[in-house]
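Just below is one structure, and these are the notes that go with it.
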Number of protein chains: 2
Amino acid sequence: MNGAPQIRIVLDGPTPIYRQVVDQIRTLCVDGGLKAGHSMPSVRQLAANLGVHFNTIAEAYRTLAVEGWLEVKQGRSVFVSERREPRQPTRAAAAQHSSRLRHQVAELRANGFSPEWIRHEIESALGGPE
Amino acid sequence: MNGAPQIRIVLDGPTPIYRQVVDQIRTLCVDGGLKAGHSMPSVRQLAANLGVHFNTIAEAYRTLAVEGWLEVKQGRSVFVSERREPRQPTRAAAAQHSSRLRHQVAELRANGFSPEWIRHEIESALGGPE
DNA sequence: GTCTACTGTATGCTTACTCTATACAGTGAA
DNA sequence: TTCACTGTATAGAGTAAGCATACAGTAGAC
């Protein structure tokens, strides 16, 4: 393992822990914070750091492996995969994600966040690592 | 009831039905598609339209009532509330929503959506109803 | 007033999911 | 081969979503 990724989870939140881990590692991969060939901490190490069971981390790693972000093999440590080009999204996927974004924006506006704040956050997220 | 709101749900998706209903009605309220005083369909009517149990809709209405979007009273139909000004979001809420947006953007990019597409969708969502 | 037909509410059940505990199996260096 | 480390598989407890059903409030017709 060369450098543990910075992952933070909320234990009692509405989002499942394994999904939080998946989201954060995927974000790191997309942003370049985790490059291909990087070796990940073992399921037990990361689980101990986060204070959860290692099966929860194993589930997250498996999900990321299915998505193509990690290479997982029994008995060996886990590595970040070579970046494969994402396929062109389908029209149905676009519609689904569009609707999800729209609802999230509505929720943000309902909670008092300004359009400027939302634009700034989006630009910041599109800009790359931190 | 004066004009049923256009609501569509995905039955076998990862998002709970009652949450889909909450999200969509909240979006309609924010976008102006549902104005204060508008009477909503009864829990049984909307449930029949969507092909789900009326308790699922009742749960959604209750959630929206807690958030201040609907006025719910036993025995009477449900009305859209007067718009109250949202409170200034807390710093913690901002951090949480910021992180959520960042992960969602990363997931979109991982799925092949271009920054331009994302910006366009955000602008469209910020622009108002449809 | 009192029916009646409509509202939303409350409770218990089934199912699926999340997380954990524990036993198992593969890998590679000493 | 042995040993200490990997990830995997399966079963269980706890929780949440959705549904069935019985309940209680409201308001118009009579």
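Rule-based calculations on the coordinates, nothing more; no lab input. Quantities reported herein were computed from a predicted structural model and do not represent experimental measurements. Every residue, glycine among them, receives a Cβ derived from its backbone with ideal geometry; neighbour counts consider all protein chains shown.
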Choice from A:Q24, A:Q45, A:Q88 showing the highest fluctuation, given a GNM over chain A with Cα pairs closer than 10 Å:
A:Q88
Across the protein assembly as shown, what fraction of all alpha-carbon pairs, as a whole percent, falls in each successive 5 Å bin from zero upward?
1, 5, 12, 14, 16, 15, 13, 10, 7, 4, 2, 1, 0
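Could you give the size of the charge dipole of the stretch B:3-109 about its Cα centre, using +1 on the Cβ of each K and R and -1 on the Cβ of each D and E, expressed in debye and rounded to the nearest 20? Don't skip to the answer; put the middle values down first.
Details: 15 positive and 9 negative charges, 43 e Å.
Rounded to the nearest 20 debye, it is 200 debye.
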Spatially proximal aspartates and glutamates relative to B:K73 (Cα-Cα < 20 Å; intrachain offsets below 8 disregarded)
B:E59, B:E82
Could I have the simple spin-label model distance between B:A92 and A:Q6, label points 7 Å from Cα toward Cβ, reported in nm to one decimal?
2.1 nm
What's the extension gain from A:A48 to A:N111 if we count 0.36 nm per residue and subtract their Cα-Cα distance?
19.2 nm
For the rotation taking chain A to chain B, the chain A residue with the nearest C-beta to the axis, plus the distance in whole Å, reads A:I122, 3
For the stretch B:1-48, compute Rg over Rh where Rg is the Cα radius of gyration and Rh is the Kirkwood radius from the inverse mean 1/r over Cα pairs.
0.97
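Using only the Cα atoms, what convex hull volume per residue in Å³ does the stretch B:17-80 have? Provide the component values of the computation, followed by the final result.
Working: hull volume 4.7 nm³, N = 64.
Enclosed volume per residue, from the Cα hull, is 74 Å³.
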Which of B:N49, A:V80, B:Q74 sits closest to the plus end of the dipole of the protein assembly as shown, meaning its Cα is farthest towards the positive end, when Lys and Arg get +1 and Asp and Glu get -1 on the C-beta?
B:Q74
Placed amide H near A:F79: partners under 5 Å, 5+ positions off or other chain
A:M40, A:E71
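In peptide A:20-30, what is the residue-averaged number of other protein chain Cβ atoms found within 10 Å of each Cβ? Don't jump to the answer; show the numbers that get you there.
Values: counts 2, 0, 2, 7, 4, 1, 5, 9, 1, 2, 9.
For peptide A:20-30, the averaged partner shielding equals 4.
Can you give me the relative contact order of chain A as a percent, contacts being Cα pairs under 8 Å and 6 or more apart?
Values: 111 pairs, mean separation 29.0, N = 130.
Across chain A, relative contact order equals 22 percent.
With viscosity set to 1.002 mPa s at 20 °C, what whole-number translational diffusion coefficient in µm²/s follows for chain A from Stokes-Einstein and a Kirkwood radius over Cα pairs?
130 µm²/s
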